[in-house]
Amino acid sequence: MDEKKFLRQCMCCRTFKKKDDLIRLTKDFKTSEIKINTNNEIQGRSVYICKNKDCIEKAFKKNRIEVLLKSKLPEDVKIDLYTVLKK
Ligand SMILES: [Zn+2]
């Protein structure tokens, strides 16, 4: 069995982790809005980020999420990302 098949790569630190250890951000293919894809219910292009402050802040700093997904990252999604960290 290829373990890597079940792992996803963090867009910031490039570490491969289990899906549960990452936050999935998806650009909704219908609305082009970037959302946190908690239950895999949104379809579209996705990026993964570690559930840690370093990776999330790095992603914000260089607008890497917006560049990768070619869409604006809404302010409320940024706030939600910090909320995820506190859980
Ligand atoms: Zn990371």
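When segment 8-25 is filtered for residues that are out of contact with any helix residue (DSSP H, G or I) (no Cβ under 8 Å at 6 or more places or on another chain) and part of a strand (DSSP E or B), the ones remaining, listed by number, are 9, 17, 22, 24.
The residue of segment 26-40 that is nearest to the ligand (Cβ to nearest atom), among those that are assigned to a loop (DSSP other than H, G, I, E, B) and β-branched (Val, Ile, Thr), is 38.
Going residue by residue through segment 41-56, is there one that turns out to be over 16 Å from residue 83 (Cβ atoms), surrounded by fewer than 16 Cβ atoms within 10 Å (Cβ to Cβ), free of Cβ contacts under 8 Å to residues at least 12 places away in the same chain and away from the ligand (no atom under 13 Å from the Cβ)? So that I can check it myself, show each step before the final result.
Kept after step one, since they are over 16 Å from residue 83 (Cβ atoms), are these residues of segment 41-56: 41-48, 54.
Checking the rest, the ones that are also surrounded by fewer than 16 Cβ atoms within 10 Å (Cβ to Cβ) come to 41, 43, 45, 54.
With the extra rule that they be free of Cβ contacts under 8 Å to residues at least 12 places away in the same chain, the set shrinks to 41.
Of the ones still in play, those that are also away from the ligand (no atom under 13 Å from the Cβ) are 41.
Yes, there is a match, as at least one residue in segment 41-56 is over 16 Å from residue 83 (Cβ atoms), surrounded by fewer than 16 Cβ atoms within 10 Å (Cβ to Cβ), free of Cβ contacts under 8 Å to residues at least 12 places away in the same chain and away from the ligand (no atom under 13 Å from the Cβ).
Within segment 27-40, the set of residues being without any contact (Cβ under 8 Å) to a residue 40 or more places away in the chain and surrounded by 15 or more Cβ atoms within 10 Å (Cβ to Cβ) comprises 28, 37. Please tell me if residue 47 is of a type in the set (Val, Ile, Thr), in a strand (DSSP E or B) and under 11 Å from the mean Cα position of the chain (by Cα). Here the answer is yes, as residue 47 does meet what is asked.
So, residue 73, is that one among the aliphatic types (A, V, I, L, M), part of a strand (DSSP E or B) and surrounded by 10 or more Cβ atoms within 10 Å (Cβ to Cβ) or not?
Details: among the aliphatic types (A, V, I, L, M): yes; part of a strand (DSSP E or B): no; surrounded by 10 or more Cβ atoms within 10 Å (Cβ to Cβ): yes.
It is false that residue 73 is among the aliphatic types (A, V, I, L, M), part of a strand (DSSP E or B) and surrounded by 10 or more Cβ atoms within 10 Å (Cβ to Cβ).
Coordinate-derived values only; no laboratory data. Everything numeric in this text was worked out from a predicted model, so none of it was measured. As a convention, Cβ positions derive from the backbone with ideal geometry for all residues, glycine included, and neighbour counts pool all protein chains shown.
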